[in-house]
Amino acid sequence: MTATPADGKAADASQWQTMKHLLPYLWPQGRTDLKLRVFVALVLLVASKLVTVVTPYAFKAATDALTARSGAEVALLSVPVFMVLAYGVGRIFMVVFAQMRDAIFSKVGQRAVRQLSNETFRHLHRLSLSFHLGRRTGALSRIISRGINGVDSVLRFALFNTFPTALEIALVCAVIAWSFGHLYVWVVVATVIAYVGFTYWATERRINIRRTMNEADNDAGTKAIDSLLNFETVKYFGNERHEADRYDVAMARYEGAAIKTWVSLAVLNAGQAIIYSAGLTLVMVMAAREILGGTLTIGDFVMVNALMIQLYMPLNFIGSSYREIKQGLIDVEGMFSILRENAAIADRPGAKPFVPARGEIVFDDVRFSYDEERPILRGISFTVPAGKTVAIVGPSGAGKSTISRLIFRFYDVTSGRISIDGQDIQGVTQESLRRALGMVPQDTVLFNDSIRYNIAYGRPGASNAEIEEAARLAQIHDFVMSLPQGYDTVVGERGLKLSGGEKQRVSIARTILKGPPILVLDEATSALDTFTEQEIQVALKQVSRDRTTVVIAHRLSTVIDADEIIVLDKGVIAERGTHSALMRRKGLYAAMWNRQREADEARRKLAEHLDVRGPTAEQLALRPAER
């Protein structure tokens, strides 16, 4: 697809905004030590360029002395040797000053990388759930990785290549004008203009190729991470070849863009070499004619050659700097686009910390929809008294889990009000609100770390004794101690090394460790077998004791002891009351209860049928002691 002029202007504007965002990191506010480093680095930069321009004079003097036809022995030996030594020392200091500059500036550059990385990471956690549900983890990780690398590139090339290159070209032109005349300068200026113009033209055409390559890289990374995270699913369906083919399609697109990138780079380098070589040749021809005419010496010829060769280095840096800055800005702008993303759920100006008290939750005519055309909650009102347990049940899609998300303020209500202990949750800070809430979700995802770390996540900094006490209350301590590495056992990606029941107990343990006054159980046992469910229920009763508890339930047998059961249907409260009262009403709740009982009875009979069929042939083939 060909970029339009409007697209190019928009891209340039975006990159300029990115550069403006980066520039303050070159002069860190409130950090005198870092500012001093920038100043010293700039001094070393100027010193390096001055030495670079002066050094060819030593080369000229040495050459003239060596080619002199007459003179004292000291002129033939001492002067050339001294000049050669001076030339060598100059070359050494050129490199030493440049390397000292890079070493001193490294702390400034790496601090900028660290600050921006941390800022992006924190911002990602501030963004709302809706952003993360719509984002692909693989692409997001690639954007951040490239952005971090791009920050260092842009800062280094902008400060230490663009400015010093312009300085060096100006100094070289001044020396050539002083030593050889303005005609030489015009040739040099024409060479520089042609070189820079061609570099700009070619680089601009490479930018779209780079963007395409980044998009393909994002796509390939997303497919790889998504496939590996769902490793078991891939194996269940035998779709390894299908996943490899999908990944290969993305990599083929990346391959095509990468080839175009390298080909265009070759064209760029060749064009730059042709332009520079033409300018160098023309200057050398002019110098050679003047030598034949007796107006220049061999030393002058060598000097102008050295100056032109030294001019090639900053010219080459202009090309590479421009490429690196443009490519770095493209990489960084993806990260900055994340930083410009506004959080859908933000604390109000002047929001106060939530002050937990008794733990009473009140929903007052709450309405909510993810999409305006599809309302989820249609004006529900209920109260969860302090220290009591209220269960919310209903068919799939009735809005049960939405209630838990609204309590945690992952979303804001469309209208109505949710208050806890008389405090509107939209008027308090999100961090303080969530500190007072505990969650045991249906799908417990653990960090790929030790069991100790995952339990301690409920309260970082907790002692080992507190962690183990929480594990005992969650009835998982004995299991953990039976493992070879005990609490240091690593649970694997998303906790896949543990069973569903074990993961759920870890989740309960870290919630116990957190010790919140309000607890939300979001279908915490619906994915477990009946036996494990009964064991987990004992642990849940332990953790919910004396706490305000909201239970989002699918299996009604888990909520019969609730102080109140609210039955949702199509976003409204259809029924409410205790289990016995709802059963006497013989409405929606009773119908759901009977259907679940019938399903449970069918499963029980099937299990009995399979059991009475007797041992299998394989079992009969075993000796009695082996059965």
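Observations on the structure shown:
- Spin-label model distance (nm) - Asp449 vs Met313, 7 Å beyond Cα toward Cβ: 4.8
- Put a dot 7 Å past the Cα of Arg472, heading toward its Cβ, do the same for Asp102, and the two dots end up 5.9 nm apart.
- Spacing of the two label points (7 Å from each Cα toward its C-beta) at Tyr200 and Leu124, in nm: 3.7
- Placing R0 at 35 angstrom, the Cβ-Cβ distance between Ile560 and Arg378 gives a FRET efficiency of 0.80 after rounding to 0.05.
- Gain upon complete extension [Asp33, Ser432; 0.36 nm per residue less C-alpha separation]: 140.0 nm
- The stretch 413-562: relative contact order as a whole-number percent, Cα under 8 Å and 6+ apart: 30
- For Thr578, distant residues with modelled amide H under 5 Å away: Ile565
- Over 23 Å between alpha carbons, listed pairs Lys49/Lys326; Lys497/Lys605; Lys260/Lys326; Lys388/Lys541; Lys400/Lys541; Lys388/Lys570: Lys49/Lys326; Lys497/Lys605; Lys388/Lys570
- Geometric extent, Cα atoms of the stretch 296-346 - Rg, Dmax (angstrom): 22.2, 76
- Mean Cα-pair separation over length for the stretch 212-290, i.e. relative contact order, pairs under 8 Å, 6 or more apart, %: 39
- Karplus 3J(HN,Hα) series, Hz, for the stretch 567-583 with 6.51 cos²θ - 1.76 cosθ + 1.60 (x for Gly, Pro): 9, 9, 8, 6, x, 10, 7, 7, 8, 7, x, 6, 4, 5, 5, 5, 5
- Judged by the mean number of other Cβ atoms found within 10 Å, the most tightly packed of the peptides 200-211, 324-335 leads the ranking 324-335, 200-211.
- Once the C-beta distance of Arg340 and Asn464 is scaled by a Förster radius of 30 Å, the resulting FRET efficiency is 0.10 to the nearest 0.05.
- Dipole magnitude for the stretch 264-409: about 740 debye, using +1 per Lys or Arg Cβ and -1 per Asp or Glu Cβ, origin at the Cα centre.
- Burial order of peptide ranges 580-592, 100-112 (average beta-carbon count within 10 Å, highest first): 100-112, 580-592
- Look at the alpha carbon pairs under 8 Å that are at least 6 residues apart: their mean separation over the length of the stretch 230-378 gives a relative contact order of 8 percent.
- Relative intensity, log₁₀ I(q)/I(0), of the stretch 357-427 from a Debye sum that treats every alpha carbon as a point, q = 0.16, 0.23, 0.25, 0.26 Å⁻¹: -0.54, -1.09, -1.26, -1.34
- Protection proxy ranking for 285-298, 496-509, using the average of other Cβ atoms within 10 Å per residue and placing the highest first: 496-509, 285-298.
- Distribution of pairwise C-alpha distances over the stretch 208-359, 10 Å bins, in %: 9, 19, 17, 16, 14, 11, 7, 4, 2, 0, 0
- Proportion of all alpha-carbon pairs of the stretch 407-505 beyond 19 Å (%): 51
A short reminder: the numbers here are calculations on the coordinates, not readings from a lab. Treat the numbers as computed from the prediction; the structure is a model and nothing was measured. Note that each Cβ is placed from the backbone with ideal geometry, even for glycine, and that neighbours are counted across all protein chains shown.
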